[in-house]
Ligand SMILES: [Zn+2]
């Protein structure tokens, strides 16, 4: 089979190997005619083998060249080959000529439940982030946790995010955790679920160990073959309360940390985010608790010795510049973290403060800060910034063997990006184009674990109309209940 001009360029998917398009073959045609305006359910094309043909492929493998006119072959949830003129007779074929294929974006820290409180933190005394989310979070039940996860997943997929890290700190009962997990499982996204205490949990009260042990023991119910993974959202050894640092009792932080480390699970902890929490990384280092299995969230005011300790230990850092700037934490030390060789991920953190799940916005700010703080236009290239949003982000979650780059053996988490939008013209270096100009409407296909979850504007698994109605009704009720 060749990649010859058979179908118009605006027809992305075709399946009939004799090139006779049937109605089903045109499911993800861009600018579909009325006859092809399908419901999300009808557009849910399910196959376990795809051949994405004729694309420009940005693999995000370190040092790899950009591949022109290449095919990506996906089978049984994995990438099996990337090359020219791949023969795969049984595969459903996607015509990606004129498009860019790259790994899906990787979010590394997101309190998914706060997505249901999007834009409600308005920088006023009454509705500052901590006051508002504290007040409304108490009103959440398991249903709200699930709905928030679905809304977050829908927005993530729309923006080309294929992995999220749900840092779940509103687990008010075992059912709250299961609610959030049900949303993630049903959404099709790849996710790390970090089990954390609520923000109102007293610091002398450990995590619900028995519930966590049950969840871990029965993880097969949630994992979907590894798509969902489990970790601990740890409070660390120094917590912040009312703008002052509080020492978490030894027995509590040890018990919580043991839940993860006894099971070989990853740990994520907010540290050095505000003035009150400065010195947290230093304390973790003194206690010899840092390690490759630990992700530090924010690290905004980490000092030189703390950055050196992070580098020595192999711990990663998750940055969320939009929320860090907006909530007044400060300016993340991107240049110093980079100089030290620390693995960095980018994060949405909370739509209550930052709005849309636009990870490219975070990457643009990270690049801007890296260059501004180094007073050097060349300090961070667009490709470096995109690596933080893909390969490095996956590494910061310990998922670099699975996601974050395109190579045979990796899970098929990828996006197909059109290049004909006005904001993408004229064509430039693909990484630069994507970082600066890509919008959700330009993302033609989002595939997670070998399943297409977005095709030409339609979410295939999530019923957008039902989700919208549910979100509006639930958010109105939350506001009413909270007075
Ligand atoms: Zn956070």
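Observations on the structure shown:
- Residue match in segment 313-330 (condition: more than 15 Å from the ligand (Cβ to nearest atom), more than 24 Å from residue 219 (Cβ to Cβ) and buried (at least 17 other Cβ atoms within 10 Å of the Cβ)): yes
- Near pairs, Cβ below 9 angstrom, 6+ apart or cross-chain, from segment 150-176 (in the same structural domain as residue 436 (by TED's automatic domain parsing)) to any residue that is surrounded by fewer than 24 Cβ atoms within 10 Å (Cβ to Cβ): none
- Among the criteria (1) out of contact with any helix residue (DSSP H, G or I) (no Cβ under 7 Å at 6 or more places or on another chain); (2) within 26 Å of residue 192 (Cα to Cα); (3) modelled with pLDDT under 95, the one residue 328 does not fulfil is (2).
For every residue, the table says whether it meets (1) without any contact (Cβ under 8 Å) to a residue 24 or more places away in the chain; (2) under 25 Å from residue 79 (Cα atoms); (3) assigned to a loop (DSSP other than H, G, I, E, B); (4) in contact with a helix residue (DSSP H, G or I) (Cβ under 6 Å, 6 or more places away or on another chain).
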site	(1), (2), (3), (4)
370	no, no, no, yes
376	yes, no, yes, no
392	no, yes, no, no
395	no, yes, no, no
398	no, yes, yes, no
408	no, yes, yes, no
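- Test: residue in segment 232-248 that is more than 16 Å from the ligand (Cβ to nearest atom) and more than 30 Å from residue 282 (Cβ to Cβ): no
- Of all residues making up segment 139-181, the number that are more than 16 Å from the ligand (Cβ to nearest atom) and assigned to a strand (DSSP E or B): 3
The values are calculated or read from the model by the stated rules, or taken from the named source; none is laboratory data. On a predicted model such as this, the values are computed, not experimentally measured, just so you know. Please note: Cβ atoms are built from the backbone with ideal geometry, for glycine as well, and neighbour counts cover all protein chains shown.
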